[in-house]
Amino acid sequence: MKKTNVLKEMSWKLFVERKKETNLAIIPTGAFEVYGPHLPLGSDTLVAAKIAELVAERVNSIIGPTLEVGDSSMLDDFPGTITIRPESFKEYLVDTVDSLKKWGFKDFLFINNHVGNVPVINQIAYDHRDHDEFRFAQIDYWRFLKTLDKGIVESGALAHGHASEAGTSVLLYLYPELVDIEKSVNEPPKFIDQFPEIIQYPKYSVYSESGTVGNAKLGTKEKGEQLVNRSVDKIVQFLRGNWNISEKNQEFQQTL
C-alpha cells in the first residue's frame with residue numbers, strides 16, 4: 001500500500017495514526033473556469049492539489065478536502081465555467097475547517113489558485129485571530145509566482161496573465177497530458193482600463209476572446225518546473241522557519 005498524505009485516500013485507522021504526526025492541514029482551493037483554449041477548465045484546482053501534495057511530502061502534513069469550484073461569475077460567459085456563490089463557498093469552507101479542528105488540527109495552510117477565493121479565505125482566517133491555538137496562512141498561488149519568476153519568464157507582467165506564459169508552463173510541467181499546446185495563443189488584452197484606480201465589474205470577454213491574456217506560446221515545461229520548484233521551496237521555508245514545522249514534525253504533541 002502506498003504512503004499517502006491525502007486524507008480522502010486514508011482509512012480512518014490510518015488517519016488516526018497519521019494524525020499523531022502532524023497538526024498541519026493543507027486545504028487546496030481552485031476554480032472551474034475557462035483557462036484559455038489549450039488548458040483544462042479545472043486548471044486552478046488541478047495545480048492547487050498538486051502543489052499541496054508536493055508541500056505535504058516535504059513537511060509530512062495531511063491534505064484535507066480540495067474545494068474544486070469557486071466564484072467564477074466574471075468568466076461565466078465562457079462555456080463550461082461553473083460558479084459557486086461566495087456565501088455558499090464560505091459556508092462549505094467553514095464546515096471543512098471546523099471538521100478538521102474537531103480532529104485536532106491547529107494549523108491551516110490554504111493553497112489557493114483562484115483570486116475570487118482570496119477574500120473568503122481571509123474572512124475565515126480573521127475570524128480565528130483571537131484564538132491563539134490556531135494558525136492560518138494562504139498562498140494566493142498565481143500571484144505568489146510573480147515574486148519568484150526572476151530569470152524564468154520572458155513576457156514581463158503579462159507572463160502572469162490569465163492562462164499565459166507562467167500558467168501554461170506550470171500546467172505543462174504538472175499535467176502535460178492535459179495541455180493542447182498547439183491551440184495556445186498570444187492574445188494581449190483587447191481592452192485597456194483607463195481608470196484602473198476605480199473598481200469595475202466587466203465580464204472577462206471584454207478583455208479576451210479566448211480566455212487567455214498574454215502569450216501562452218512562450219510556456220514551456222522547463223519554465224514550469226523552475227516555477228513550481230521555487231514555489232514549493234518557498235512555502236516549505238515558511239512552514240519550517242515561521243511555523244517551526246520540521247520535516248517529520250518531531251516536536252508534535254498529540255492533542256486528541
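So in segment 121-149, with the set limited to residues that are assigned to a strand (DSSP E or B) and closer than 16 Å to D107 by Cβ, which one is nearest to the chain's Cα centre (by Cα)?
So, considering only residues that are assigned to a strand (DSSP E or B) and closer than 16 Å to D107 by Cβ, the one nearest to the chain's Cα centre (by Cα) is I139.
Only one of K3, K50, K19 is basic (K, R) and free of Cβ contacts under 8 Å to residues at least 40 places away in the same chain. Can you tell me which?
Step by step, each of K3, K50, K19 is checked, and only K3 is basic (K, R) and free of Cβ contacts under 8 Å to residues at least 40 places away in the same chain.
Buried (at least 23 other Cβ atoms within 10 Å of the Cβ), in contact with a strand residue (DSSP E or B) (Cβ under 7 Å, 6 or more places away or on another chain) and among the polar types (S, T, N, Q): is that true of T29 in this structure?
The answer is yes for T29.
Filter segment 150-171 for residues that are part of a helix (DSSP H, G or I) and not charged (D, E, K, R) and give the result.
Hits for segment 150-171 are G156, A157, L158, A159, H160, A166, G167, T168, S169, V170, L171.
Just so you know, all these numbers are worked out from the coordinates, no wet-lab data involved. Remember, predicted model here, so these are calculated numbers, not experimental data. Please note: Cβ atoms are built from the backbone with ideal geometry, for glycine as well, and neighbour counts cover all protein chains shown.
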